[in-house]
Amino acid sequence: MSTKLERSKSRKRIHWRKQDSELTLLALPTLIWYILFSFLPMFGMVIAFKNFKISGNFISNVLNSSWVGFKNFEFLFKSNDAWIILRNTIGYNIIFIILGIVLPVMFAIMISLLHSRKASKVYQTMMFLPYFLSWVVVSAVGWAFFSFDKGILNQFLASLGHDAVNWYMEPQYWPYILIFLNIWKSIGYGMIIYLATITGIDSTYYEAAVIDGASIWQQTRFITLPMLKLVIVMMFILSVGRIFYTDFGLFYQVTRDSNSLYNVATTVDVLVYKQLKTATVGMASAAAFVQSMLGCITILSANWIVKKIDSDSAMI
Amino acid sequence: MAKTPTYQSGLEKFNRTSNGINALFTLIFILMAIACVVPVIVVLSISLTDESYIRETGYSILPTALSADAYAYIAKQGTMILRALGVSLLVTVVGTVLGVLLTTTMGYVISRPGYKLKNFLTWVVFIPMVFNGGLVSSYFINTNFLGLKNSVWALILPLAVSSFNVIICKTFFRSTIPDGLTESAEIDGASQFRTFFSIILPISLPVLATIGLFLCFGYWNDWFQSMLYIDNQNLYSLQALLNSLMSNADALARNSISMGISFAELVATMPKESARMAVAILIVLPVACAYPFFQRYFITGLTIGAVKG
């Protein structure tokens with residue numbers, strides 16, 4: 001009896017139906033895409049441990065180039081800039097994560113309290129616009145403001161009787177400019193995510209609160225914010241997982257790759273790109289390798305910590 | 001029963017923030033909204049300003065000495081711009097169609113409960129979300145192994161699929177399409193292809209629109225792939241063209257049909273500053289006009305993505 005049941009069970013497990021073949025065929029193009037563009041590069045990472053030469057066929061290159069162990073990493077971490085680049089990458093990201101959660105949540109709550117629905121829609125639409133501008137366009141806009149001889153900011157300074165500032169040569173302003181631009185570009189997006197959640201909150205909660213005499217501030221503190229927690233945590237995990245990645249466009253395009261801004265605007269992505277272009281492949285691949293490894297570890301541990309604290313909020 | 005709505009609206013009114021706070025918030029949002037739109041106005045006004053005026057007094061937020069020279073120049077000499085526009089359009093259209101197909105098929109397949117390879121494929125989609133090969137390795141695979149250097153496919157293929165979009169699709173199919181629908185199609189003898197293309201896709205317009213729009217704007221705004229893989233000026237997209245104009249405003253002249261005049265003359269007569277911004281307008285204007293109409297689809301997409309899959 002039991003063997004029969006087991007047999008039928010196992011037959012059911014290995015039974016491959018016609019529709020399984022069809023579904024596999026349907027997924028095949030995307031599966032090939034994943035193999036070529038996601039999984040092959042993962043194996044390609046071995047070049048971080050090799051003395052890779054750019055010539056001819058990729059596979060023969062990988063097979064023929066000699067193993068150098070951790071030499072590439074040694075060079076990377078021994079270089080004087082390693083500290084500056086790590087500081088920039090993580091420092092900016094910590095600021096972006098904090099401001100990127102606090103400000104959109106604050107403005108989403110504020111905009112949900114406006115009396116006029118129509119006006120709030122208009123503001124939302126206008127504030128979403130920078131999200132759709134490419135960094136090349138933003139860099140052109142930046143040039144219109146910061147250019148030394150024609151820039152709008154310098155004309156403004158001149159009209160106040162100040163000297164013109166050569167913005168692209170003065171590193172002290174750029175941390176603020178970069179932080180401002182990052183917030184400016186992403187605030188509309190963040191605001192809409194949180195606002196969608198706020199408008200989804202059951203209005204009876206607020207009615208009950210009003211009957212109990214709760215003020216707007218108390219309603220926000222005890223109803224809106226707790227309801228937003230799940231989304232906030234999710235956005236947090238996503239951004240912490242990308243703490244070793246930065247927006248290449250922001251740090252490379254907007255600063256116009258100015259050498260004077262090297263110390264305040266070089267992040268891991270910029271380093272990797274520049275080295276790739278100057279054909280220092282060993283160090284570039286070592287840097288990219290460290291970046292993906294650390295990125296993977298951070299996203300998994302952020303998720304693990306969140307799971308420990310509150311299992312419902314975890315993503316994976 | 002009839003009393004409830006009046007009570008509710010009354011409550012809402014009673015629960016409003018005070019007029020003072022409302023005015024303050026409104027002011028803050030008006031200022032922020034203006035700050036977000038200013039860039040487009042600046043770019044537009046520079047593109048419409050007379051070149052000699054820019055040379056004398058610099059850029060300005062509002063157009064002062066109006067002139068359409070830059071656009072006239074583009075229309076007259078702009079083979080390079082027209083080609084870049086063509087590349088941008090081609091990449092956007094082909095990329096969006098291909099991306100939607102690849103994304104929705106995978107999303108559909110891993111949303112089918114009884115499918116044998118479901119777990120395997122779900123891992124295939126999931127792993128790249130936490131781990132990737134990095135820029136250097138991808139670059140060498142794409143150029144040396146797949147031979148995509150200086151090919152229009154380098155602008156299309158790497159961006160076609162994102163695991164995030166696949167998960168959005170999967171969540172959508174899982175939550176909105178009843179199992180009975182696919183089962184009955186199966187009983188009627190429809191193949192999975194037929195079921196997917198003639199039953200599932202037509203009723204999945206919201207998610208198709210969402211994914212399609214994400215892809216469409218992504219392709220139109222992409223400049224990084226061009227920077228990595230394209231050296232051939234004939235394959236420049238609008239973004240790549242603007243990028244090269246930002247570092248060298250003469251780049252346009254080099255590729256223009258010089259109608260009997262020398263290169264030096266051409267460079268001297270072309271409206272460099274305003275032409276640069278006119279190209280930016282060619283990029284921005286379609287986006288700025290289109291996105292308000294599609295905003296609700298984006299919001300759908302963002303909120304589907306925000307729900308745990």
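Within the range B:14-30, being within 27 Å of A:Met126 (Cα to Cα), within 10 Å of chain A (Cβ to nearest Cβ) and not polar (S, T, N, Q) holds for B:Arg16, B:Ile21, B:Ala23, B:Leu24, B:Phe25, B:Ile28, B:Phe29, B:Ile30. Checked against (1) modelled with pLDDT under 80; (2) within 27 Å of the chain's Cα centre (by Cα); (3) of a type in the set (Val, Ile, Thr), A:Thr30 passes all but condition (1). Can you find a residue in the range A:62-77 that is within 10 Å of chain B (Cβ to nearest Cβ), over 19 Å from B:Phe140 (Cβ atoms), open to solvent by less than 50 Å² (accessible area, probe 1.4 Å) and without any contact (Cβ under 8 Å) to a residue 24 or more places away in the chain? No, the conditions are met nowhere in the range A:62-77. Against the conditions (1) open to solvent by 10 Å² or more (accessible area, probe 1.4 Å); (2) facing chain B (nearest Cβ under 8 Å); (3) over 18 Å from A:Leu250 (Cα atoms), A:Trp143 satisfies every one except (3). Looking at the range B:122-137, which of its residues are part of a helix (DSSP H, G or I) and buried (at least 23 other Cβ atoms within 10 Å of the Cβ)? Matches in the range B:122-137: B:Val125, B:Gly134, B:Leu135, B:Val136, B:Ser137. Being in contact with a Gly (Cβ under 8 Å, 6 or more places away or on another chain), more than 8 Å from every other protein chain (Cβ to nearest Cβ) and open to solvent by less than 40 Å² (accessible area, probe 1.4 Å) is the requirement here; does A:Asn154 meet it? Judged against the criteria, A:Asn154 is not a match.
When every residue of the range A:195-215 is checked against the conditions, none turns out to be surrounded by fewer than 14 Cβ atoms within 10 Å (Cβ to Cβ), under 23 Å from A:Gln253 (Cα atoms) and among the charged types (D, E, K, R).
What do you reckon, is A:Asp269 more than 10 Å from chain B (Cβ to nearest Cβ), among the charged types (D, E, K, R) and open to solvent by 20 Å² or more (accessible area, probe 1.4 Å)? Considered against the rule, which asks whether it is more than 10 Å from chain B (Cβ to nearest Cβ), among the charged types (D, E, K, R) and open to solvent by 20 Å² or more (accessible area, probe 1.4 Å), A:Asp269 comes out as no.
Within the range A:278-290, the set of residues being surrounded by fewer than 22 Cβ atoms within 10 Å (Cβ to Cβ) and either modelled with pLDDT of 85 or more or basic (Lys, Arg) (or both) comprises A:Val290 only.
With the structure loaded, tell me whether A:Ile237 is within 12 Å of chain B (Cβ to nearest Cβ) and farther than 30 Å from A:Ala214 by Cβ or whether it fails that test. In short, yes.
Taken together, A:Ile59, A:Ile98, A:Ile47 contain a single residue that is more than 8 Å from chain B (Cβ to nearest Cβ) and out of contact with any strand residue (DSSP E or B) (no Cβ under 8 Å at 6 or more places or on another chain), which is A:Ile98. Of all residues in the range B:287-299, those that are in contact (Cβ under 8 Å) with a residue 24 or more places away in the chain and open to solvent by less than 80 Å² (accessible area, probe 1.4 Å) have Cβ atoms under 7 Å from Cβ atoms of residues that are among the aromatic types (Phe, Trp, Tyr) and in a helix (DSSP H, G or I), 6 or more apart or on another chain, in B:Val287/A:Phe132; B:Val287/B:Phe217; B:Val287/B:Trp220; B:Tyr291/A:Phe132.
If the condition is being of a type in the set (Lys, Arg) and either open to solvent by 50 Å² or more (accessible area, probe 1.4 Å) or modelled with pLDDT under 90 (or both), then the range A:177-194 contributes no residue at all.
Contact annotation: residue pairs with Cβ atoms under 6 Å, 6 or more positions apart or on different chains, pairing a residue in the range A:163-176 that is at pLDDT 90 or above with a partner that is of a type in the set (Val, Ile, Thr), are A:Pro171/A:Val264; A:Trp174/A:Val264; A:Pro175/A:Val264. Take A:Val136 and decide whether it is within 14 Å of another protein chain (Cβ to nearest Cβ), surrounded by 19 or more Cβ atoms within 10 Å (Cβ to Cβ) and within 29 Å of B:Val279 (Cα to Cα). Yes. Contact map, the range B:44-73: first residue without any contact (Cβ under 8 Å) to a residue 24 or more places away in the chain, second residue open to solvent by 60 Å² or more (accessible area, probe 1.4 Å) and part of a loop (DSSP other than H, G, I, E, B), Cβ cut-off under 7 Å, separation 6 or more or different chains; pairs are B:Ser45/B:Ile61; B:Ser45/B:Leu62; B:Tyr53/B:Thr64; B:Gly58/A:Asp149. Restricted to helices (runs of 4 or more DSSP H) entirely inside the range B:138-249, those with at least 3 residues that are at the interface with another protein chain (Cβ under 9 Å from one of its Cβ atoms) are B:205-221, B:224-229, B:238-247.
The values are calculated or read from the model by the stated rules, or taken from the named source; none is laboratory data. Worth saying up front: this structure is predicted, and the values here are computed from it rather than measured. We place every Cβ from the backbone using ideal geometry, glycine too, and count neighbours over all the protein chains shown. Keep in mind that these areas ignore ligands, DNA and RNA; they rest on the heavy atoms of the full protein, side chains included. Shrake-Rupley method; radii C 1.70, N 1.55, O 1.52, S 1.80 Å.
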